[in-house]
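Comments concern the structure below.
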Amino acid sequence: MDIESAKLIGAGLAAIGVIGSGVGVGSVWSSLIATVGRNPGAKANVELYGWIGFAVTEAIALFALVISLMILFK
């Protein structure tokens, strides 16, 4: 196996973290919708935590993307 093939395989494996991030974002928003559905008065309190959870989960996807691109183009 040459070095270019190893880079492509490594970048693909590093990008797997994006799948987990997609599942995490879905989980954050489904929990937020379920919570507001059960208690609509709590929307103002829960919405901030939903956005924070979304941002943290998306940050993991960005880290995985950066690592993947570093492997690919280094």
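Structure data summary
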item	result
Residues within region 11-25 that are surrounded by fewer than 16 Cβ atoms within 10 Å (Cβ to Cβ) and more than 21 Å from residue 51 (Cβ to Cβ), tallied	4
Selection status of residue 42, touching a helix residue (DSSP H, G or I) at 6+ places or on another chain (Cβ under 8 Å), closer than 18 Å to residue 10 by Cα and part of a helix (DSSP H, G or I)	no
Residue in region 19-39 that is more than 18 Å from the chain's Cα centre (by Cα) and among the small types (Gly, Ala, Ser) present	yes
Selection from region 1-18 of residues that are of a type outside the set (Gly, Ala, Ser) and either farther than 24 Å from residue 70 by Cα or under 21 Å from the mean Cα position of the chain (by Cα) (or both)	9, 13, 16, 18
Test: residue in region 50-71 that is assigned to a helix (DSSP H, G or I), among the acidic types (Asp, Glu) and either more than 30 Å from residue 7 (Cβ to Cβ) or at pLDDT 95 or above (or both)	no
Some residue of region 26-33 being over 30 Å from residue 4 (Cα atoms) and buried (at least 16 other Cβ atoms within 10 Å of the Cβ)	yes
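Here is a yes/no grid of residues against (1) more than 11 Å from residue 21 (Cα to Cα); (2) of a type in the set (Lys, Arg); (3) touching a residue at least 12 places away in the same chain (Cβ under 8 Å):
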residue: 37; (1), (2), (3): yes, no, no
residue: 40; (1), (2), (3): yes, no, no
residue: 48; (1), (2), (3): yes, no, no
residue: 51; (1), (2), (3): yes, no, no
residue: 55; (1), (2), (3): no, no, no
residue: 59; (1), (2), (3): no, no, no
residue: 62; (1), (2), (3): no, no, no
residue: 66; (1), (2), (3): yes, no, no
residue: 72; (1), (2), (3): yes, no, yes
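The values are calculated or read from the model by the stated rules, or taken from the named source; none is laboratory data. Keep in mind the model is a prediction, meaning the values are calculated, not measured. As a convention, Cβ positions derive from the backbone with ideal geometry for all residues, glycine included, and neighbour counts pool all protein chains shown.
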